[in-house]
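Single-structure report; data block below.
The values are calculated or read from the model by the stated rules, or taken from the named source; none is laboratory data. Quantities reported herein were computed from a predicted structural model and do not represent experimental measurements. Every residue, glycine as well, gets a Cβ built from its backbone with ideal geometry; the counts of neighbours run over all protein chains shown. Calculation scope for accessible area: heavy atoms of the full protein, side chains included, ligands and nucleic acids excluded. Shrake-Rupley method; radii C 1.70, N 1.55, O 1.52, S 1.80 Å.
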Amino acid sequence: MSASPVSVSSQEEYMVEAITNKRVKNGRTEYEVKWQGYSENEKTWEPIENLQSVMTYVLDFEQSLKTKPQEVGEGSYEEGDSADEIIQIRKDNDGQNLLFQVSWKQKNSRAPKVSWINQNSLKMHNPEILIDYLLKKIKWPNNK
C-alpha cells in the first residue's frame with residue numbers, strides 16, 4: 001500500500017507508514033501512527049479526525065484486530081509449551097501492559113502456531129526469548 005498524506009495541522013503534511021495501535025483516551029478514540037521516514041520512537045497518537053484522508057490505513061488496522069488470534073493471559077502456558085520467538089509487541093486495550101505475539105515450538109498440531117501472551121507470562125516462562133528480542137532492539141554505540 002502506498003503512503004498517503006495526512007494533514008496534522010493547516011501547514012504541515014506527513015506520510016503515514018502504518019497504524020500500529022488503538023486506544024480510547026478521555027472517551028475519544030486515537031490511533032498510534034508510524035510516520036514514513038521517522039523512527040519507532042517518533043510515533044504519535046492521533047484522533048480519528050486527523051486521519052480522514054488515510055482511512056484505508058485505519059480500516060486495515062481495524063480488520064487486523066478482528067483477525068488476530070485471541071489474546072491469552074497469564075497462566076496460559078500448558079506443560080511443555082515454549083515460545084520460539086517474539087514477532088511483535090503491542091499494548092493491551094488499557095494501555096497498561098505489553099502483549100507479545102509469539103510463535104510457538106509445536107508440541108502438538110492442534111495448538112496455535114502464533115498467539116498473543118502477556119508480559120508476565122513471557123517473563124516467567126521464557127525470559128531468554130524476551131532478553132534476546134530486547135537485545136536485538138538496542139542500538140549500541142560504535143566503540144571508536
Could you give me the residue pairs with C-beta distances under 8 Å whose first residue belongs to the stretch 35-58 and is assigned to a helix (DSSP H, G or I), whose second residue is open to solvent by 90 Å² or more (accessible area, probe 1.4 Å) wherever it lies, and which are 6+ apart or on separate chains? Thr56/Met1; Tyr57/Met1
Are any of the residues in the stretch 65-88 open to solvent by 50 Å² or more (accessible area, probe 1.4 Å), at pLDDT 80 or above and in a loop (DSSP other than H, G, I, E, B)? no
Just for the stretch 89-115: of the residues that are within 14 Å of the chain's Cα centre (by Cα), open to solvent by 80 Å² or more (accessible area, probe 1.4 Å) and not basic (Lys, Arg), which one is modelled with the highest pLDDT? Gln96
If we ask which residues in the stretch 16-28 are modelled with pLDDT of 85 or more and open to solvent by less than 70 Å² (accessible area, probe 1.4 Å), their number turns out to be 4
